[in-house]
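Working notes, beginning with the structure itself.
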Amino acid sequence: MSDFSEELIRSKTEDDKEESCVFSGTGMSFPWLQKHIGTVETGGKKEKDFAQTTSACLGFIQEALLKHQWQQAADYMHSYFQILEDSDSHKRQAAPEIIWKLGSEILFYHPKSSVETFNTFADRMKNIGVMNYLKISLQHALYLLHHGMLEDANRNLSHAETWRYGEKSSSQEVLINLIQAYKGLLQYYTWSKKKMELSTLDEDDYAYNTASQNMFDHSWKTSVNLRALIQTPGVWDPFVKSYVEMLEFYGDQDGAREVLTNYAYDEKFPSNPNAHIYLYNFLKREKAPREKLISVLKILYQIVPSHKLMLEFHRLLRKSEKEDHHKLGLEVLFGVLDFAGCTKNITAWKYLAKYLRQTLMGNHLAWVQEEWKTRKNWWPSFHFSSFWAKSDWKEDKALACEKALVAGILLGKGCRYFRFISKQDDQVLRKKIKQIKKSVKKHSVVNPGL
């Protein structure tokens, strides 16, 4: 905290407090602000004090927000509004956005806040600094959506959609597209509800034709609002998914494929794992060739090697006829288990245990050694310590058995994890443990001849 801030909260005498007390609209007094506010309001000479006061006030608001002290933050906000009169033009221009962000956060969480209060605050802030009109309108609409007020949100977006302010509107084209796209999402929601209603009607019924035409009208409006945004570089997942769903529903597979392909591969768009997931799922629905599916998941693997689709990727690689795909299949399994969030994934361990044996039986010891070379210094403590052996056996014996087999193959019979599991006398798993011992003796990369 600055020296000035400390000065503001320093204790005063009772006389000082009586002379300098100022009250906020919420009933909280500010004994330390009167001197500085008075100086500003009377055109005094202490502009530096004004700047220091507003800076300290902002700090108190931020601290109150961090501590979820919503009433205290609201009290401080009452005094922070004077930043709009700052003599520094840069601070004055930035002030409306700061006030909106702080105020909307307070009103969203304050236990005594209401939708009416938030609406009033938003409407007033839209007219303070024209460059913030679109941002505030969009966030206001999202607030209304959160409260289930779809019609009000749509009306709010419609007003914002037509906003223009001379030449400045062109610089906010992306924001206007975003507002139109959110309006499109609301239309998509209506379309989706009509689609569900349509599924309950008889196709020969007159009501079916009427509902179908109504749906088509909504889809046309929605597509117009969504199309412009998804052609602009950015991450537009919910908009892309909605648009593609409608294209597929009306049989435009080529259009859907083009949208998803551009979203995943266009270099102007930021790297986005979801783009490749959407494309992969679409191609699966189309029953695309295995090679095509592999090519999509290969990129996803490079971005998120621990994604749940990697096990599916492994299965596709395993079924491929190409040897380099089989090698990659082993790499993918090791890659998944490199991550702490996957250490308990029994499917991944089953796949690795099975695939290690297949790989070694196929005379590809070098593949295993290549993967193990970069992990031999940290996997033993990460996966195969005595602690994990005891913990895994207690929590999930099936998982412990799969891990024991992998540990034995990679580290040999002397591995602590393998030794602990192999010594357990469990009537149900006795046969399983015996098979693990045989497999380790036959396939261990430490002493292959044992």
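Each row is one residue, and each column tells you yes or no for (1) outside any helix (DSSP H, G or I); (2) under 21 Å from T117 (Cβ atoms); (3) open to solvent by 20 Å² or more (accessible area, probe 1.4 Å); (4) modelled with pLDDT under 90.
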residue: K45; (1), (2), (3), (4): yes, no, yes, yes
residue: F50; (1), (2), (3), (4): no, no, no, yes
residue: G59; (1), (2), (3), (4): no, no, yes, no
residue: H68; (1), (2), (3), (4): yes, yes, yes, no
residue: S79; (1), (2), (3), (4): no, yes, no, yes
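Hey, does segment 346-360 have a residue that's open to solvent by 50 Å² or more (accessible area, probe 1.4 Å) and touching a residue at least 40 places away in the same chain (Cβ under 8 Å)? Checked segment 346-360: at least one residue is open to solvent by 50 Å² or more (accessible area, probe 1.4 Å) and touching a residue at least 40 places away in the same chain (Cβ under 8 Å).
Results for (1) of a type outside the set (D, E); (2) out of contact with any Phe, Trp or Tyr (no Cβ under 9 Å at 6 or more places or on another chain); (3) open to solvent by less than 30 Å² (accessible area, probe 1.4 Å), shown as yes or no for each residue.
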position: K135; (1), (2), (3): yes, no, no
position: L138; (1), (2), (3): yes, no, yes
position: L142; (1), (2), (3): yes, no, no
position: S158; (1), (2), (3): yes, yes, no
position: T162; (1), (2), (3): yes, yes, no
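Residues in segment 146-156 that are within 18 Å of S104 (Cα to Cα) and either in a helix (DSSP H, G or I) or in contact (Cβ under 8 Å) with a residue 12 or more places away in the chain (or both): H146, H147, M149, D152, A153, N156. Under the condition of being in contact (Cβ under 8 Å) with a residue 24 or more places away in the chain and within 23 Å of K287 (Cα to Cα), the residues counted in segment 263-274 number 4. Within segment 242-260, the set of residues being closer than 23 Å to L178 by Cβ and surrounded by 15 or more Cβ atoms within 10 Å (Cβ to Cβ) comprises S242, Y243, V244, E245, M246, L247, G255, A256, V259, L260. Among the residues of segment 81-101, which ones are open to solvent by 60 Å² or more (accessible area, probe 1.4 Å) and among the polar types (S, T, N, Q)? Selection gives S87, Q93. Just checking, does segment 219-226 include any residue being of a type in the set (K, R) and modelled with pLDDT under 90? Checked segment 219-226: at least one residue is of a type in the set (K, R) and modelled with pLDDT under 90. With respect to the stated conditions, L337 fails to be buried (at least 19 other Cβ atoms within 10 Å of the Cβ) and either more than 30 Å from S391 (Cα to Cα) or more than 23 Å from the chain's Cα centre (by Cα) (or both). Residues in segment 371-388 that are part of a helix (DSSP H, G or I) and open to solvent by 30 Å² or more (accessible area, probe 1.4 Å): K373, P380, S381, F382, S386, F387, W388. Of the residues making up segment 389-413, those that are part of a loop (DSSP other than H, G, I, E, B) and either β-branched (V, I, T) or open to solvent by 30 Å² or more (accessible area, probe 1.4 Å) (or both) number 2. Kindly check whether there is at least one residue in segment 324-334 that is without any contact (Cβ under 8 Å) to a residue 12 or more places away in the chain, part of a helix (DSSP H, G or I) and open to solvent by 50 Å² or more (accessible area, probe 1.4 Å). Yes, the conditions are met somewhere in segment 324-334.
Of all the listed residues (E402, E371), the sole one being of a type in the set (D, E, K, R), under 34 Å from the mean Cα position of the chain (by Cα) and farther than 21 Å from I433 by Cβ is E371.
A Cβ distance below 7 Å, combined with a sequence gap of six or more or placement on separate chains, defines the contacts here; from segment 285-309, residues that are over 14 Å from A275 (Cα atoms) reach residues that are outside any helix (DSSP H, G or I) and small (G, A, S) in the pairs R290/S320; I294/S320.
Scanning segment 261-284 for residues that are over 22 Å from M310 (Cα atoms) and open to solvent by 70 Å² or more (accessible area, probe 1.4 Å) turns up N262, E267, K268.
The values are calculated or read from the model by the stated rules, or taken from the named source; none is laboratory data. Every value quoted in this text rests on a predicted model; they were computed, and no experiment measured them. Don't worry about glycine lacking a Cβ; one is built from the backbone with ideal geometry, like all the others, and counts go over all protein chains shown. Keep in mind that these areas ignore ligands, DNA and RNA; they rest on the heavy atoms of the full protein, side chains included. Shrake-Rupley method; radii C 1.70, N 1.55, O 1.52, S 1.80 Å.
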